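Below is one structure, written out as structure tokens, with a few remarks after it.
The values are calculated or read from the model by the stated rules, or taken from the named source; none is laboratory data. The structure displayed is predicted, hence computed values, not measured ones. Reconstructed Cβ throughout: ideal geometry from the backbone, glycine too, with neighbour counts over all protein chains shown. With ligands, DNA and RNA removed, areas are computed over all heavy atoms of the protein, side chains included. Shrake-Rupley method; radii C 1.70, N 1.55, O 1.52, S 1.80 Å.
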Amino acid sequence: MKLKNILPIFITLLMLSCDSKITNEADYSLYLATKVDQTKLLGDVDFWTHRIENSSSSYSYLISRANANTEVFNVTGEIDYLIKAEEDLLEANKIVKDSDAGLLKNIAANYISQHRFKEALVLLKKAEANGAKLNGTKKMLFDVHLELGNYIYAETYLKDLKNTSSFDYLIRLSKLEDHKGNLDGAIEHMEKAMAIAEASNLKGMKLWSYTNIADFYGHAGDIDKSYSYFLKALELDPNNAYAKKGIAWIVYSHEKNPAEALNILNHITSYHNTPDYDLLKAEIAEYNNDLKLKAESLTNYQAAVKNDRYGAMYNKYNVMVFSEDLLIPERALEIAMQEVENRPTPQSYDLLAWSYFKLGEVKKANQIIEEFVDGKTFEPAVLYHVAEIYKAVGKTAEVQPLKKELVESLYELGPLMKQKIKQL
């Protein structure tokens, strides 16, 4: 065999081999001992409740209590607090009858957290018509249009906001470049945004930029930098569940240490427990061949998402659970159809195509991929589905370049995907 034929195979095998250790338990063990003081969080809610009960004019107090409940949700992940915040905001809006653009944006932000993007868009259009603090409204309109797959509208709003010295503009430009598959550009803009955040020395901005740049570095395969920025985020906020989850992923996907990854996740879920953590535990358990823990984690996930208050927040996860783990593709298809209706993005159409594929309707799956997905998103999980569907319909020439991209994205996909990618 000629060298030029051997070299790609060697590189592939090298990339699929074990990875070097990057993390050091001493770096983050301090953050695994942190405890969240819910007494103070709930005390803030109680404070505003008392004000509401003892005031004839509750408008501003309702907004303050909504903000306090939102903070409880952000820290604990408990959906009830996000819904309580929504109820207070809607009650406040009844008083002013859609006249306060800031309040409309506050409700829209709550709906974005609930993945109710179309309803958020309606509110933001009202805020836009109001005209107050219009730049802030346009930023949120960009965010929602991007989430809904309205990419032309999103770019139009971003052009209106163009200011290369603005943190808010740069992080959105970074997000748009990432959507387009330009990871280098996304990182470049996020680094500029991070420099602005550090110069401003505002905790919220720095925290946001550190966790996001850590994600981008991970996608790019620069795991050392990803790890260092998750640690920087924890220096600012020792309770930051997202940063801890990022480190757990490095330990699991890069270092192949499932026991330590689960240790980190168990600490996180002692104070911040959302259903997706159960799915990650189930994945790690499967990798570790711990079928009991996998079954327990999937059962916990299903019990959690039965709560109607989650609405459509876990549609994406539910499609994959029903199609991959529970082997009920008919239910997966129902949810995927709902998600396409709620959010007609390439990622949603991918869920629809995958559901049809799992039902054995390969030609229909291929048709959806060709029309709505291929070339429109660069997420590795989606590209894997595209590759599997193309393989099933005999489009072998299209599969090989996808396989190359998937090998390069193995860290992001996780070690369970190694064998599946090799078999493409």
Flag if Tyr229 is part of a helix (DSSP H, G or I) and open to solvent by 20 Å² or more (accessible area, probe 1.4 Å)
yes
Given the conditions (1) closer than 22 Å to Glu371 by Cα; (2) without any contact (Cβ under 8 Å) to a residue 24 or more places away in the chain, every one holds for Arg331 apart from (1)
If you go through the range 45-72 one residue at a time, how many are more than 28 Å from the chain's Cα centre (by Cα) and either more than 29 Å from Leu103 (Cα to Cα) or among the acidic types (Asp, Glu) (or both)?
2
Of the residues in the range 306-330 that are touching a helix residue (DSSP H, G or I) at 6+ places or on another chain (Cβ under 6 Å) and not in a helix (DSSP H, G or I), the one that is most open to solvent (accessible area, probe 1.4 Å) is Ile328
Please enumerate the residues belonging to the range 44-85 that are open to solvent by less than 60 Å² (accessible area, probe 1.4 Å), of a type in the set (D, E, K, R) and either closer than 19 Å to Pro275 by Cα or touching a residue at least 24 places away in the same chain (Cβ under 8 Å) (or both).
none
Return yes or no: is Asn273 surrounded by fewer than 18 Cβ atoms within 10 Å (Cβ to Cβ) and at pLDDT below 95?
yes
Selected residue (only one of Tyr287, Tyr349 is within 26 Å of Val407 (Cβ to Cβ) and surrounded by fewer than 19 Cβ atoms within 10 Å (Cβ to Cβ)):
Tyr287
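Going by what's in this entry, would Ala303 be described as more than 19 Å from His385 (Cα to Cα) and assigned to a loop (DSSP other than H, G, I, E, B)? Give the steps one after another, and end with the answer.
Working: more than 19 Å from His385 (Cα to Cα): yes; assigned to a loop (DSSP other than H, G, I, E, B): no.
Spelling it out, it is not the case that Ala303 is more than 19 Å from His385 (Cα to Cα) and assigned to a loop (DSSP other than H, G, I, E, B).
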All helices (runs of 4 or more DSSP H) inside the range 95-189 with 3 or more residues being within 28 Å of Ile79 (Cα to Cα)
101-113, 117-130, 134-148, 167-179
Report, by residue number, each residue of the range 198-226 that is in contact with a helix residue (DSSP H, G or I) (Cβ under 7 Å, 6 or more places away or on another chain), more than 19 Å from Leu413 (Cβ to Cβ) and open to solvent by 50 Å² or more (accessible area, probe 1.4 Å).
Glu198, Lys203, Lys225
